[in-house]
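Reading through the structure tokens given below for one structure.
Each reported figure results from applying straightforward, stated rules to the coordinates on display, with no laboratory input. In this text, all values refer to a predicted model and were calculated from it rather than measured experimentally. Cβ coordinates were reconstructed from backbone atoms using ideal geometry, including for glycine residues, and neighbour counts include every protein chain displayed.
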Amino acid sequence: MQKTFNDVLYLESGRMISPVTIAYETYGKLSSKKNNAILLCHALTGSARVAGTKDNPGWWEPMVGAGKAFDTDRYFVICSNILGSCYGTTGPSSIDPYTGEPYALRFPVITVKDMVVLQKRLIEYLGIERLYCVAGSSLGGMQALSWAVTFPEMTARMIAISTARNITPMAIAFNTVARYAITKDPFFCDGNYYGKTPPNNGLAIGRMAGHITYLSDAAFNRKFGRRYATFEGIYDFNGFFEVENYLRYNGYKFTDRFDANSYLYLLKAMDIFDIEYGYSSFEAAMARITAKALFITFTSDTLFPEYQTADLVNMMKKINNPPVWARVESDYGHDSFLLEFDKQTEHIREFLG
């Protein structure tokens, strides 16, 4: 489903967009009191399809449905595609109504808060005054955190998984490699590649850089070791390790489904996110949270290391709103939130009550 808002969406940058379309899907039934709505926020390259069918599953299929962590027999679950993406919500590949051409790099830089402000419009359009819970992982966790700070009166509960108040310099460094790979691709054409050959090599290499951060050292060793994927030998450039094959396959597979400009914009939004921006301090921002909070972290996550969640947890304790912190043992790295379903379900069910 899609909803188009014709009034102006004002952005943190001072720029604006109009009209703006948001794509979304819903699961379950909204109660007569409209008090059972849960908003799920997807990660970097996700979509509104959080659950689906056997042939077309969603990105968090084992977590959403009847009897699952987000039980659609009890809750009305909403998931929207984020601003700047390419799965139905307005982004750089959308048509600029003033030129009749895709926005490309004329699209304004957007922030996590901008994504949340657009989501709020959707929630109000659905007739919901207060969300039972906002939940998300990674970039989705940033959105959940931003919801709790920006719209505390609408956020009763928050679940933030594998996230942080801002990303580390190491994470920015990997995102920088991805940006350079895309923008230096000879087919990038300053972002004006629509209707032409897209910068697939650059996008694939950029995604490869991302995949390196999603796994842990233990996961790389368990999945690939130093095994070869080809018959060519170690002294032949046509010979490559299984881990190389994994990166190459996933990098180029990604180009079939995602827009390079959207990837640039969403990486930028992650880089500049800082929950205290616009407030006098980190404490002042976090003091706005009235929601009950659950944080879930994974011991091997090096992209969003646990010490970052410790900062959030300790600050919430300081402001007398102590959260629940579930530390999950896993060696899957940052990808754990897409793999450790049973462990997350246990904590989420208990938290949602």
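Match the structure shown to one of the listed values (1) 146; (2) 130; (3) 159 of volume of the Cα convex hull per residue in Å³, computed from it, and give that label.
Label (1) holds the value from this structure.
Kindly provide the trypsin sites (Lys or Arg not before Pro) of the stretch 42-95 that DSSP labels as loop, not H, G, I, E or B, and whose Cβ sees at most 14 other Cβ atoms within 10 Å.
Here the trypsin sites (Lys or Arg not before Pro) that fit, given the DSSP loop and packing criteria, are LYS54.
For LYS68, list the lysines whose Cα falls under 18 Å from its own Cα; do not include residues on the same chain fewer than 8 positions away.
Cα-Cα hits under 18 Å: LYS29, LYS54, LYS343.
Given the chain, what percent of its DSSP beta bridges are antiparallel, to the nearest 5?
About 30 percent, rounded to the nearest 5.
Note down the relative contact order for the stretch 171-268 as a percent, whole number, built from C-alpha pairs under 8 angstrom at least six residues apart.
29 percent
Rounded to the nearest 0.05, what FRET efficiency is calculated for ASP236 and ILE95 with R0 set to 56 Å and r the Cβ-Cβ distance?
Here the calculated transfer efficiency is 0.70.
What do you get for trypsin sites (Lys or Arg not before Pro) in the stretch 125-174 restricted to DSSP loop and a cutoff of at most 14 other Cβ within 10 Å of the site's Cβ?
ARG130
Compute the distance in nm between two label points, each set 7 Å from the Cα along the Cα-to-Cβ direction, one at TYR194 and one at LYS317.
In this crude spin-label approximation the distance works out to 5.0 nm.
Using alpha carbons only, what's the Rg to Rh ratio of the stretch 258-300 with Rh from Kirkwood?
For the stretch 258-300, the value is 1.12.
Sum -39500 (n - 2.57) across every DSSP H segment of at least 4 residues in the chain, then divide by the residue count to get the 222 nm mean residue ellipticity, nearest 500.
Roughly -10500 deg cm²/dmol at 222 nm, from the helical runs in the chain.
With +1 on each Lys and Arg Cβ and -1 on each Asp and Glu Cβ, and nothing else charged, work out how big the dipole of the stretch 171-268 is about its Cα centre, in Debye to the nearest 20.
I would put it at about 240 debye.
State, as an integer percentage, the relative contact order of the chain based on alpha-carbon contacts under 8 Å between residues 6 or more apart.
Relative contact order of the chain: 17 percent.
At 0.36 nm per residue, minus the direct Cα-Cα distance, what do LYS29 and ARG106 gain on full extension? Give it in nm, one decimal, please.
Value of the extension gain: 23.8 nm.
Considering only ALA156, ALA51, ALA218, give the residue with the highest GNM mean-square fluctuation for the chain, with springs between Cα atoms whenever their separation is below 10 Å.
Comparing ALA156, ALA51, ALA218 in the GNM, the peak value goes to ALA218.
First obtain the Kirkwood hydrodynamic radius of the stretch 171-268 from its Cα pairs, then insert it into the Stokes-Einstein equation at 20 °C and 1.002 mPa s, and state the resulting D in µm² per second as a whole number.
148 µm²/s
Comparing GLY333, GLY206, GLY58, which has the greatest mean-square fluctuation in the GNM of the chain with Cα pairs linked when under 10 Å apart?
Answer for the Gaussian network model of the chain: GLY58.
Mind checking the stretch 1-77 for chymotrypsin sites (Phe, Trp or Tyr not before Pro) that DSSP puts in a loop (not H, G, I, E or B) and that have at most 10 other Cβ atoms within 10 Å?
none
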